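Some notes on the structure that comes next.
Please treat every number below as a calculation from the coordinates, not as lab data. Because the structure is a prediction, the values reported are computed rather than measured. Glycine also receives a Cβ, built like all others from the backbone with ideal geometry; neighbour counts cover every protein chain displayed.
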Amino acid sequence: MNAVPAPITVTDLSVDADEPRIKDVRLGERLGMAQPLNIRQTIEVNRGELERYGSIHAAREMITAGKGASREVTSYHLNEPQAELQPGKYLID
């Protein structure tokens with residue numbers, strides 16, 4: 001990690017199934033990761049452990065790559081226990 005983690009605020013959260021969640025990349029940004037998108041690989045590798053704390057909500061979304069090409073990616077929305085586990089146990093940037 002490159003920077004001191006920034007606090008997560010209400011504006012970083014969405015509510016899904018009556019539970020606050022944070023989008024993967026936003027969590028990576030708040031944690032000060034040099035490459036916030038790398039958190040997705042960390043989530044995929046540790047999915048089984050994270051699911052012990054609830055279901056992981058995944059969504060497919062279109063992004064535009066650097067040269068204007070569009071592609072579909074999976075983004076993840078983590079609940080509070082899952083988000084807390086990320087920096088404490090697995091996050092290596």
Could you check the spin-label model distance between R71 and E49? Points 7 Å from the Cα along Cα→Cβ, value in nm. 2.7
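What length, rounded to one decimal in nm, is gained on full extension from T64 through to L37, with 0.36 nm per residue of separation minus their alpha-carbon distance?
Details: separation 27, 0.36 × 27 = 9.72 nm, distance 1.38 nm.
Stretched fully, the T64-L37 segment lengthens by 8.3 nm.
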For the range 20-65, compute Rh as the Kirkwood radius over C-alpha pairs and then the Stokes-Einstein diffusion coefficient at 10 °C and 1.306 mPa s; write the answer in µm²/s, rounded to an integer. 136
